[in-house]
Amino acid sequence: MILENPLRVGLARTCATEPCAVVIFGASGDLTWRKLCPALFRLAEESLIPREFAILGVSRTPLSDEEFRERLRQGLPQEADPALWEAFSSRIHYHAGDHRDPQGYAALQERLEELDERHGIGGNRLFYLAVSPADFPIIASNLAARDMNRPARGWVRILVEKPFGRDLVSAMELNGELLRHFDESQIYRIDHYLGKETVQNILTFRFANGIFEPVWNRRYIDHVQITAAETLGVESRGGYYDAAGALRDMIQNHLMQLLALVAMEPPARLDAEAVRDEKVKVFRAMRRYKPREVPGCAIRGQYAAGHIEGTAVPGYRQEAKVQPDSQTETYAAVRFLVDNWRWSGVPFYVRTGKRMPRKVTEVAVQFRAVPHLLFSNTPEDALEPNLLVLKIDPEEGISLRIATKYPGMVTRVRWVNMDFQYGRAFAAPSPAAYERLLLDSMLGDATLFSRGDAVEAAWAVADPILEAWKSSPEPTDSYPAGSWGPRAAEAFVEDEGRHWRRI
Amino acid sequence: MDLETMLAEVSVGHPRPLSIGRIMRELDDLERELGIEAGVQFRLTTTNLVVVCSGPDQVRGLGLLLGELCAEFPCRCLVAVLDPEAEKGTLQGWASLTCHPHRRQHMCCEQVILYCPGGQGESVPSLVSATLLPEVPTLSWWRGEPPFGTHLLEQVLELSDRVVFDSADFPVSRMESVQALVTDRYHQEQAFSDLSWGRLEEWREEIASLFDPPEATECLSALAQVEIRFVPGPDPVPPQPLLLAGWLASRLGWRPVPMTWADDAFVARLSGGSGRVELRLVPVWAEGQSGRPVGLVAKTRQGREFRVDEVRPRRRGGRDVWKSGLEPEVARRLEQMGRELSTLSRDVVYQETLESALEVAFQAPEPRLQVVADLAEAAADHLEARLREQEGPFRLALAGGSTPRRLYSLLAERDLPWERLRIFLGDERAVPEDHPDSNFRMVRETLLAGSTLQSEQVFRWETERGPDEAARVYAQALDREFAGAPPCFDLVLLGLGEDGHTASLFPGSPALQVFDRATAANPLGPGKGSRLTLTLPVLNLARSAMFLVGGRAKASILRRVLAGGPFPASRVRGREGTLFLADREACPDDL
């Protein structure tokens, strides 16, 4: 029988993080000092990491514990509390070794057992795979070979970063490899979009307000636009990006997750399985296009030279590590359809692009126009429908467009935006995505992580588009850097009598 | 505090005779101006915050706190400053909109300030009703002791969803009034919270986490002893350690019984689920602290030990924590008020804790008055009786001044077990030991000269070292005598000044705020020299306290002190009793 701790009643945290060791494979990479260590340190500042705790960095680079700590210190702000860093860093260790080499795992295991002893950790392990996805199965099987995947005591979880597969087949293979050695419940697939506060706020907005859910369907909603635009080009990621493209990099994972949060049915409970069940249902309801339908539903583009905020920038093909004749898309716009009772006939226009004029991420829900025009003084085209925008980046907030009467003796209608800005309402800053995700993985809450079946279901939707693009003789359209994408993207929305929101 | 100083503490603005209509118009104008400037089209307010200050001194630091607070929780603030001491005058009121300087965005704090001189608190509820934003939750925050049992409190409570006060602001005995409010069936809609309870959150978290592992959770039902070390406050067992004890008792199902003093701790033996649990509250000194727990040790019957020695205050959440640049104390208060504002529901755990805490609470008896014909004679009898009713060393703190002189001479003539006495001086003037004003000189000339008492049994303040050093050295002597623990005298003799002072604790003097050590140097003001004195926690840890009050001049103050007026002497309570011994002149007929 498990006893409840009666002293926990009424405390802000109803469960505590259990003792654990965070083992980071690929620890000498940037992610560790840029993101992971600062996130863990912030958790320490808020006393959210367990009191029995250790970080073990694993990588080929030979480093001492001290050198590794020094490297991680660089990622923290100067002002970080020295006393806390002292205590925190004494729990940071480094183990030099090649994660591809099965022989090395005996030493790793020994090291972990030594740390168990030293820091009083009961055998719980969080393996963070900050390595190339090709190495996920290698690490998984190497761990399994020494029974480090299912220890005698405690729990083992593995965290993996995207990309999770490059199409349905590879994702299924990867899932298969991991599932040979780990249970689905042990695998935490990070989609850092889900760690964002405002993304989580979509659920609160939909299910804590009574007035939106009744109109959240095909009777009242005309269409939904999801936009993720960035001003940056491919920067130093040319090699990876050229083989991936915008659809794989952004849409199949992040934006489809956003879409699922907007389109899902209310889950019965706010727990990992209930929420993820509803999301996977959305993916399964999404229409899978036939190859011949793709040109009418998905547009791709590639940026050419142009200007961003007044500065001349090169085109995609001139970027480092990019093939000079690359057809890879840096812009993608897709019309998704969710074929269920709630959403039948409501298009979800999803677009993403690099080298766009502004950095914006948002979900815009456009409602249907009023059925009958009452206000004769108003030109017909001025009577816009209501629009609800859930803004995610850079200003987080919600805005609702409503019609009001313009002051004066005659009745004239004007549109105003009611703008709620997260940052103005609550100056309390939001925790960074990695803090939340690392904490949740230590607590064993998988709600904000992608489940294997959802990843596969999302690939099943993306696959036909990728397939069609690959075999298409048509070259990828180009668009000048600093514009809102290729002309064709406008046309494909306008053909349906709609237009992209001007952002 | 004058009105100008007070203003500076709260906000910008000009006090003017009150007109709510004008205030609301001003606020609208300010907002419009600002809106145009900042392009704000939409204002968002999460809370009405009503702050009631029991006196002008309660506004200290409030402006900064409210400014920061509103940056996190957009509030409409209504600050009502009561000034019962001031002459009755016109109500003053003004509005201000403060925009936060060091944040990226314009965060604005809407404030309406009311200043109520004289006894005009009764008008506050109507002003609150007129200024609240509709439909937004209302939180009332009482700074200083809430006016229990008044219409003001009752009516503001009616308007509030959450009621916040700090039990550190009033004597533990008043917590019963809090309990009465919380359990009143007319207040089931309101959530009550005590900031002293809120400050325990980190402690609770830390203690709870000790017992999270399943094998440790099992130990909870096998606890034999829980010891809480704490720094005394104005009360011998202040609210925080008391609530911590109450929390453990209520969570773990221990049947609470009142604590009593045993040697070095307040102890209660409670019947737990499966046996007896000894609860020990041990007073200790810890520099710079007052009224809070500093350590906990829980032992099981099998000898397993769980301990918390330090609780690190948790940092405020969010990314810009490193850049906030706030004083840690302000940040801590802010964090706490933030928690209060972000929750509105009733805290059942607190209610159960409060109930248990009141049942284990240590309550010193109320003071008694005894009127006698011959003050010195009666005092000598009392002292001798106390001395003879116990064995072993008898630790006595003596009063100075002129009143006890005859008492000491009388005592010296008596046949007492002098060898058992250990004598300290409750206070001393900062003068050489042979100065006519020296208390030690008076004791030497009376007690030491006339009895077999040895000079090493009497501890004098080494005034030649200068006040601060003398206080420090005396504290060291007390440490040696009481093995480092806060001194618990068997008896303290005290005088009563016409201004209500006792020992050398004068009304409003800084030494009254010292709770982390046994002694303090108390400067009397420019040109008036200094006094050295035992501190309030020491007087309140004494087994008994005996005041000697003689002469017609003391009649008025004696009456006011016994009525519980705001004087240092009213705050002294011996653990087992406090006796005011007065002669007939000092005691008016109606007492």
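Taking the solvent-accessible surface of protein heavy atoms with a 1.4 Å probe, what is the per residue accessible area of chain B in Å²?
Values: 24650 Å² over 591 residues.
Roughly 42 Å² per residue, with all protein chains present.
Considering only C-alpha atoms, what is the centroid distance from region B:190-231 to region B:386-412, in Å?
43
List the GluC sites (Glu not before Pro) within region B:365-441 that DSSP assigns to loop and that have no more than 15 neighbouring Cβ atoms inside 10 Å. The partial results should precede the final answer.
Details: sites: B:Glu377, B:Glu384, B:Glu389, B:Glu391, B:Glu413, B:Glu419, B:Glu428, B:Glu433; in loops: B:Glu389, B:Glu391, B:Glu433.
Filter output for region B:365-441: B:Glu389, B:Glu391, B:Glu433.
For the interface of A with B, what's the total buried accessible surface in square angstrom, probe 1.4 angstrom, rounded to the nearest hundred?
Values: alone 23930 and 26400 Å², together 46720 Å².
Buried area (both sides, nearest 100 Å²): 3600 Å².
Give me the 1.4 Å probe accessible area per residue for chain A, excluding ligands and nucleic acids, in Å².
Working: 22070 Å² over 503 residues.
Per residue, chain A has 44 Å² of solvent-accessible surface.
Helix B:328-342: angle to the longest alpha-carbon principal axis of chain B, degrees 0 to 90, nearest 10?
The answer is roughly 60 degrees.
What is the percent of Cα-Cα separations in region A:17-161 that go past 24 Å?
Values: 2662 of 10440 pairs.
Roughly 25 percent, rounded to a whole number.
Quick one: net charge of B:Ala364's neighbours, Cβ under 13 Å, K/R +1, D/E -1? Each step should come with its number before you reach the end.
Details: positive: B:Arg368, B:Arg543, B:Arg571, B:Arg573, B:Arg575; negative: B:Asp235, B:Glu366, B:Glu576.
Net charge in that neighbourhood comes out at +2.
How much of the calculated P(r) for the protein assembly as shown lies past 51 Å, in percent of all Cα pairs? Don't skip to the end; give the middle numbers.
Details: 229940 of 597871 pairs.
When every Cα pair of the protein assembly as shown is considered, 38 percent fall beyond 51 Å.
Lysines within cross-link reach of A:Lys162: Cα-Cα under 17 Å, excluding same-chain residues under 8 positions apart?
A:Lys35, A:Lys196
With θ set to phi - 60°, apply the Karplus curve 6.51 cos²θ - 1.76 cosθ + 1.60 along region A:434-440 and write out the HN-Hα couplings as whole Hz, x wherever there is a Gly or Pro.
Using θ = phi - 60°, the values come out as 5, 4, 4, 5, 5, 4, 4 Hz.
What percentages, rounded to whole numbers, describe P(r) for chain B computed over all alpha carbon pairs with 20 Å bin width beginning at zero?
18, 46, 31, 5, 0
Taking only DSSP H segments of four or more residues, each worth -39500 (n - 2.57), what value at 222 nm results for chain B once the sum is divided by all its residues, to the nearest 500 deg cm²/dmol? Show your work: numbers first, answer last.
Working: 18 runs with 183 residues, N = 591.
Here the helix-only value at 222 nm equals -9000 deg cm²/dmol.
Which whole-angstrom value gives the distance between the alpha carbon centres of region A:257-278 and region A:45-93?
36
Karplus couplings for region A:170-175 from phi (6.51 cos²θ - 1.76 cosθ + 1.60, θ = phi - 60°), rounded to Hz, Gly and Pro as x?
Here the 3J(HN,Hα) series is 5, 5, 5, 4, 4, 4 Hz.
Suppose we take every Cα in region B:368-583 and form the convex hull; what volume per residue is that in Å³? It would help to have the intermediate numbers written out before the result.
On the way: hull volume 25.0 nm³, N = 216.
Hull volume normalised by residue count: 116 Å³.
Give me the orientation-averaged projected area of the Cα convex hull of chain A, in nm², one decimal. Before the final figure, lay out each step's value.
Values: hull surface 111.7 nm².
The directionally averaged projection comes out at 27.9 nm².
When the accessible area of chain A is split by element with a 1.4 Å probe, what percent falls to carbon and sulfur? Numbers along the way, then the final one.
On the way: 11620 of 22070 Å².
Exposed carbon and sulfur together represent 53 percent of the surface.
Would region A:142-223 count as rounded, prolate or oblate if I go by the C-alpha gyration tensor, calling it rounded below 1.5 in a/c and otherwise prolate when a/b exceeds b/c, oblate otherwise?
Prolate.
Taking the Cα atoms only, what angle lies between the long axis of helix B:201-210 and the longest principal axis of chain B, rounded to 10 degrees?
Result, in degrees: 80.
In a Debye calculation with equal point scatterers on the alpha-carbon sites of region B:189-297 and no solvent, what is log10 I(q)/I(0) at q = 0.18, 0.19, 0.21, 0.24 Å⁻¹?
-0.93, -1.02, -1.21, -1.44
Hey, if you drop one equal point scatterer on each alpha-carbon of region B:343-461 and run the Debye formula without solvent, what base-10 log of I(q)/I(0) do you get at q = 0.17 Å⁻¹?
Evaluating at q = 0.17 Å⁻¹ gives log10 I(q)/I(0) of -0.89.
Please give the solvent-accessible surface of A:Thr61 in Å², to the nearest 10, using a probe radius of 1.4 Å with every protein chain present.
Surface accessible to solvent at A:Thr61 totals approximately 50 Å².
Say each of A:Ala208 and B:Arg465 gets a label point 7 Å from the Cα, pointing the same way as Cα to Cβ; how far apart are those two points in nm?
Label at A:Ala208, label at B:Arg465, 5.9 nm between them.
Please label the shape of region B:127-207 as rounded, prolate or oblate, based on the square roots a ≥ b ≥ c of the eigenvalues of the alpha-carbon gyration tensor (a/c under 1.5 means rounded; beyond that, a/b larger than b/c means prolate, else oblate). Before the final figure, lay out each step's value.
Working: a/c = 1.93, a/b = 1.44, b/c = 1.34.
Since a/c reaches 1.5 and a/b is larger than b/c, the shape of region B:127-207 is classed as prolate.
Would you mind pulling out the separation of the Cα centroids of region A:439-500 and region A:96-172, in Å?
31
Which residues of region A:393-423 show a drop of at least 10 Å² in accessible area when all protein chains are present, compared with their chain alone (probe radius 1.4 Å, heavy atoms only, ligands and nucleic acids excluded)?
The answer is A:Glu395, A:Asn417, A:Met418, A:Asp419, A:Phe420, A:Gly423.
Considering every Cα-Cα pair within region B:231-385, what fraction, in whole percent, is farther apart than 18 Å? Numbers along the way, then the final one.
Values: 8476 of 11935 pairs.
Cα-Cα pairs in region B:231-385 separated by more than 18 Å: 71 percent.
Nearest 10 degrees, 0 to 90: what angle lies between the long axis of helix B:239-252 and the longest principal axis of chain B (Cα atoms)?
80
Excluding B:Gly450 itself, calculate the net charge of residues whose Cβ lies under 13 Å from the Cβ of B:Gly450, where each Lys or Arg counts +1 and each Asp or Glu counts -1.
Working: positive: B:Arg405, B:Arg406, B:Arg414, B:Arg444; negative: B:Glu413, B:Asp415, B:Glu445.
Summing Lys and Arg as +1 and Asp and Glu as -1 gives +1.
Calculate the FRET efficiency for A:Ala274 and B:Arg368 from the Cβ-Cβ distance with a Förster distance of 41 Å, rounded to the nearest 0.05.
Efficiency computed from Cβ-Cβ geometry: 0.05.
Taking H as built 1.01 Å from N, whose amide H comes closer than 5 Å to the amide H of A:Glu396, not counting residues under 5 places away?
Under 5 Å from the amide H of A:Glu396: A:Tyr422, A:Gly423.
The values are calculated or read from the model by the stated rules, or taken from the named source; none is laboratory data. No experiment lies behind these values; they were computed from the predicted model shown. Virtual Cβ from ideal backbone geometry, glycine too; neighbours counted across all protein chains shown. Keep in mind that these areas ignore ligands, DNA and RNA; they rest on the heavy atoms of the full protein, side chains included. Shrake-Rupley method; radii C 1.70, N 1.55, O 1.52, S 1.80 Å.
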